[in-house]
Amino acid sequence: MFAVLKTGGKQYKVTSGDVLRVEKLAANAGDKVQFNEILMVGSTVGAPLVEGAGVQAEVIDQIKGEKTINFVKRRRKHGSQRKKGHRQQLTLVRIADILEKGADKSGVMAAVSGAGVVATPAAKPAAKKAAPKKADAAPKAAAPKAAPKKAEGGDDLKQLSGVGPALEKKLHEAGVTTFAQIAAWTDADVADMDEKLSFKGRIEREGWIAQAQELTKG
């Protein structure tokens, strides 16, 4: 049996046991993921998707594609030119099972495109019982105001060059909370952030990606 699935804006015709490269998924090597955008299973054609169908796969590795060269030249009196290489981040997966129905109840993690990896949420500490108050306890001094909290599970993005509280807030609102996310940005991600947040080339100018890569090592 074969299926046609859609991921990362591309369509793939697959059968059980196939190994293919897809746009980077937010998953770790060894994880089992499920593609839910199925356009066709055997002779069943979706409208546009086949309801209840899914394709399950095992993540083999996170890899990079072949290097491509981007060359830009501006033909003006004081023109400029820029040459830049790029390697697309990809995920290597092996197709395990093709489900004609019941995929929505399989419990397998959905295959989601993204630059980061899936992190296991930390267990919340058990709530402590409050100690009984003493009848003649002396009045307590006013507690100092707590410092503003950063995004849960995030990093202090103000360690990046040129990033202050206002810029950090913009990044948080755009869903960027960790150095790992910035370190994994592609050229397309940088262009998207430049346009979305009006950075006007600040990411490349300040060298955020290189800084974030160093901070994640530490």
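For region 105-113, the count of residues that are at pLDDT 75 or above and surrounded by fewer than 11 Cβ atoms within 10 Å (Cβ to Cβ) is at least one. When you check Leu92 against the structure, is it assigned to a strand (DSSP E or B) and among the aliphatic types (A, V, I, L, M), yes or no? Yes, satisfied.
Looking only at residues of region 1-53 that are hydroxyl-bearing (Ser, Thr, Tyr) and surrounded by 18 or more Cβ atoms within 10 Å (Cβ to Cβ), we find that the one that is nearest to Met109 (Cα to Cα) is Thr7. Identify all residues within region 164-199 that are part of a loop (DSSP other than H, G, I, E, B), free of Cβ contacts under 8 Å to residues at least 12 places away in the same chain and over 21 Å from His86 (Cβ atoms); write none if there are none. Correct list: Gly164, Gly175, Ser198. Tell me, please, whether a residue that is surrounded by fewer than 13 Cβ atoms within 10 Å (Cβ to Cβ) and farther than 30 Å from Ile182 by Cα can be found in region 79-92. So far as region 79-92 goes, yes, one or more of its residues are surrounded by fewer than 13 Cβ atoms within 10 Å (Cβ to Cβ) and farther than 30 Å from Ile182 by Cα. Could you check, for region 9-20, whether at least one of its residues is in contact with a Ser or Thr (Cβ under 8 Å, 6 or more places away or on another chain) and either under 19 Å from Arg94 (Cα atoms) or in a loop (DSSP other than H, G, I, E, B) (or both)? Within region 9-20 (the criterion being in contact with a Ser or Thr (Cβ under 8 Å, 6 or more places away or on another chain) and either under 19 Å from Arg94 (Cα atoms) or in a loop (DSSP other than H, G, I, E, B) (or both)), the answer is no, since none of the residues qualifies.
The values are calculated or read from the model by the stated rules, or taken from the named source; none is laboratory data. None of these values were measured; they are calculated from a predicted model. In this analysis, Cβ positions are derived from the backbone assuming ideal geometry, glycine residues included, and neighbour counts consider all displayed protein chains.
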